[in-house]
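Take a look at the structure set out below.
No lab work stands behind these numbers, since they all come straight from the coordinates. A quick note: this is a predicted structure, and the numbers were derived from the prediction, not measured. Counting neighbours? That spans all protein chains shown, and the Cβs are built from the backbone with ideal geometry, glycine included.
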Amino acid sequence: MSTKLIYFAWVRERIGRPEEEVELPAGIETVADLLRWLKSRGEEYENALQYPDVIRVAINQEHVEHHEKIAGAREIALFPPMTGG
Amino acid sequence: MSAVVPVVRIQAEDFDVAAEIARLTRGRNDIGAVVTFSGLCRDEQGRLSALELEHYPGMAEAEISRIACEAIERWPLQGLTVIHRHGKIAPGENIVLVVAASAHRQAAFDAANFLMDYLKSRAPFWKKEHHSDGSEGNWVDAKDADDKAADRWKRPPSK
């Protein structure tokens, strides 16, 4: 099953695309696992996810913590801390 | 008391503060207090020509609605409207509006304050600066102060 990844703000700019469909390899269970795997996919990912702790993540449009499981996620968004308002 | 349904709008266009207040109060005789907060774009002493607001369509509405529903649960409100703009916004223009209506002022003040503190740290919007001198603008950094402001509304865990 493929998962849609969506990127915003400087995460989007550094990765160089707004979204993509990926097949998650076996063993990617948590948000932290996903960030670690993505970071290994190339220079642009390494650049965007250099400090994974600052990256905020939403699964199916709800905020999640890095230790949470991603099972059943249709859409996972990665973005910097928010600056609206 | 019937449940208050918040009005949440994410839009590129500007909003009319007076019209939004009237929308909540028209035909009502039970509202004694309306608090509005408007957030505007600053030019930072002439440094900026605009702010560009990127947002996560779908989640922006959903997250602000979740925050608005929490406010309705916590304070006795009679109406609540939250409008957040996206796209390129020039200095002096509106960015965000919160309108809270209640019988007495304290609930409306507190709810509007809570809404803005939570929205700053949880609503999926990102500001990019456009510089007046035409140089490449930066993404605005999130402030620790905004996270702390949101934290003060955290409730003790229920026993």
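Worth pointing out:
- When only alpha carbons are used to place a centre, the range A:6-23 and the range B:23-82 end up 28 Å from one another.
- Point-to-point label distance, A:Glu20-B:Lys148, nm (Cα→Cβ direction, 7 Å offset): 3.9
- Taking the longest Cα principal axis of chain B as reference, the axis of helix B:59-74 is set at about 30 degrees.
- Oblate is the label for the protein assembly as shown, because a/c, from the alpha-carbon gyration tensor with a ≥ b ≥ c as root eigenvalues, is 1.5 or above and a/b does not exceed b/c.
- Note on B:Gln45 and B:Asp133: the extension gain reaches 30.4 nm, defined as 0.36 nm multiplied by sequence separation minus the Cα-Cα distance.
- Share antiparallel - DSSP beta bridges, the range A:2-79, percent rounded to 5: 75
- FRET E, pair A:Thr30, B:Ala103, Förster distance 41 Å, beta-carbon r, rounded to 0.05: 0.35
- Cross-link reach is defined here as a Cα-Cα straight distance under 22 Å, omitting same-chain residues fewer than 8 places apart; for B:Lys154 the lysines meeting it are B:Lys120, B:Lys143.
- Whole-number percent relative contact order across the range A:2-79, with pairs defined as alpha carbons under 8 Å at least 6 apart: 40
- In Hz, Karplus ³J(HN,Hα) per residue of the range B:93-105 (6.51, -1.76, 1.60; θ = phi - 60°; x = Gly, Pro): 8, 6, 10, 9, 9, 10, 10, 10, 10, 8, 6, 10, 5
- Prolate/oblate/rounded call for the range B:29-91, Cα gyration tensor, a/c under 1.5 rounded: oblate
- Overall Cα dimensions of chain B, principal axis frame, Å, largest first: 54, 41, 29
- Cα gyration tensor, the range A:2-79 - rounded (a/c under 1.5), prolate or oblate: rounded
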